[in-house]
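Single-structure report; data block below.
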């Protein structure tokens, strides 16, 4: 069943030869060929030198992972081997060899000490009902994982696999995953690595819990779809005497310089005094960390240490930060970075938009392009403006706290203010009736574009800075080569002379004014004033599948003639939203080539809580309609069949009926929507519960 990572890193063998030196991708890509002080600064930060010796690199802090839960994430045998020889167990690791001159039994003692840090009697793990390694393979190769890690030889992107010679920089290697993790522990790291590695360089990519399990199953080589038969991490009890010795070893080895063991004292900084025999030397003195640096890394570090008090410009700090976090694996800035030729085929999206529909936008001038608040929210993962990109913008957590301000400082320039705008003129310019047809390609809020699916421009006034927008509209290709966006103001001259006399600056200011202050829609959208696309339940309920905000891509809507409605999440097997009054506008679902995430039309919308972790493993089995058209949703919980039916009750209430084998459903955690009055209706039928929900 478990074949390991047999697909391996075969496609990278021509690029990444056997190597023991620590891998810092930003150094390898931008500094290894010509080692310099900037590359040394990056290494000094990323290898943890700054944690022991101090100094201000200006780059994001990088401390090691949380040790208090490490024995719940990693197999003790793997930990023992890793501590005894980090680079031998994970090639390219940035953790130095700290026990190189110590007794071999010391690694065993450290593992026992780490076992004492783990909270005893943790909650039992949630059962894993289903795994799909084939889906995990596709997700691994398209969500963005391969921007840093290696594409695997058993997956072919739509345009075919690249040749090995097209890799211009190597990948972040995996450890022996099947020796370190089980499927649950690896899935936890895949879904949110920042939980255990707040300063880690692996960011969080937003995904469902099942997606993370499927990716983990693929990486571990688990071919069975039954998650419960997958191997589990063995449990062990630490030995008190060994744990005590392990604590002493951790303290004397200064592990707390990079990690934060709760029982070890903080370490004092060590002044840089050695000129020979130090950590940078090819043969460090006994007791010092061993990094097995390459000649290029050693040269760069020495260059940095020789002049580390020299001032650093904001531009250099920005470049170092983007290299440290490997943002340049996906984004280009000032002609550097972006995916190399071998990784470009794995960036998928809307080919109708050309390269802009597949690749993340450049970061050149981004601090001048985006409004400061918008830039900060984007980096915090609160904004996603390009849903047509399969590769998602990840979240780095605290590592990017200072980056928006740095970018704003670095990219700032003196701007010429635009004149006052005319919102009415902006409405016409954006539309198709005598305007420049922006809505042909761009969506406007909840309204899909009339043609191809470019990003939403209804928020341009709060998203973009006016000076940058003016330059972009005059010459889009100068800011993003290969864009399909034409210029309607070539060389600064308006192509449309009918609006505002062809005054370029007033026209652009008017577009901004309408986006900021205007009412209604740009001219040219199909009218929906007569509710021609609104679904109004008549004599029978309406059941419709769609994408819906707060529900996801598996939303099943049920609209009842009585005016109470429901959105059921077919993925998580739960009611997700309920509301009253008007039901749903199907315009986007029926007519958009890329269906947007819709919202209910009605009022008093209530969101149901997510399923409890203790609620059992759920699987959606579909739904059936009775003669009146009322659906009953069919799910299984830990293998037990459950039927869940919703229908209107008296006086605008919603009735919910669940039917199951009650004896077998003791673990089922029943959730109710907050804010509604819940009344249990007595039932004489065994294995049935009925609830009535009333809006205040």
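The values are calculated or read from the model by the stated rules, or taken from the named source; none is laboratory data. Nothing here was measured: the structure is a model prediction, and the numbers come from that model. So basically every Cβ, Gly included, is an ideal-geometry build from the backbone, and we count neighbours across all protein chains shown.
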Among residues of segment 163-182, those that are part of a loop (DSSP other than H, G, I, E, B) and farther than 21 Å from residue 30 by Cβ, counted: 6
For residue 247: the one exception among (1) under 19 Å from the mean Cα position of the chain (by Cα); (2) over 24 Å from residue 92 (Cβ atoms); (3) assigned to a helix (DSSP H, G or I): (1)
Count - residues of segment 222-241 that are out of contact with any strand residue (DSSP E or B) (no Cβ under 6 Å at 6 or more places or on another chain), under 10 Å from residue 131 (Cβ atoms) and in a loop (DSSP other than H, G, I, E, B): 4
Unmet criterion (only one of (1) surrounded by fewer than 21 Cβ atoms within 10 Å (Cβ to Cβ); (2) at pLDDT below 95; (3) closer than 27 Å to residue 273 by Cα) for residue 96: (1)
Criterion (assigned to a loop (DSSP other than H, G, I, E, B), at pLDDT below 90 and out of contact with any strand residue (DSSP E or B) (no Cβ under 9 Å at 6 or more places or on another chain)) met by exactly one of 614, 610, 595: 614
Matching residues in segment 466-488 - criterion: being over 24 Å from residue 335 (Cβ atoms) and modelled with pLDDT of 95 or more: 466
Qualifying residue in segment 417-427 (condition: more than 16 Å from residue 510 (Cα to Cα), surrounded by 13 or more Cβ atoms within 10 Å (Cβ to Cβ) and outside the structural domain of residue 585 (by TED's automatic domain parsing)): no
Of all residues making up segment 492-517, the number that are crowded, with 18+ Cβ neighbours inside 10 Å and assigned to a helix (DSSP H, G or I): 13
Matching entry among 293, 348, 301 (being farther than 25 Å from residue 95 by Cα, touching a residue at least 24 places away in the same chain (Cβ under 8 Å) and either within 35 Å of the chain's Cα centre (by Cα) or assigned by TED's automatic domain parsing to the domain that holds residue 480 (or both)): 348
Residue that is farthest from residue 376 (Cα to Cα) [pool: residues in segment 430-449 that are touching a helix residue (DSSP H, G or I) at 6+ places or on another chain (Cβ under 7 Å) and crowded, with 20+ Cβ neighbours inside 10 Å]: 435
Pairs with Cβ under 7 Å, 6+ apart, first in segment 503-525 and free of Cβ contacts under 8 Å to residues at least 40 places away in the same chain, second surrounded by fewer than 20 Cβ atoms within 10 Å (Cβ to Cβ) and part of a helix (DSSP H, G or I): 504/492
Options 484, 473: the member that is assigned to a loop (DSSP other than H, G, I, E, B) and in contact (Cβ under 8 Å) with a residue 24 or more places away in the chain: 484
Residue within segment 272-279 that is touching a strand residue (DSSP E or B) at 6+ places or on another chain (Cβ under 9 Å) and closer than 21 Å to residue 146 by Cα present: no
Residue in segment 381-394 that is nearest to the chain's Cα centre (by Cα), counting only those that are closer than 26 Å to residue 62 by Cβ and crowded, with 18+ Cβ neighbours inside 10 Å: 394
Yes/no for residue 463 being surrounded by 18 or more Cβ atoms within 10 Å (Cβ to Cβ), more than 28 Å from the chain's Cα centre (by Cα), at pLDDT 95 or above and not assigned by TED's automatic domain parsing to the domain that holds residue 597: no
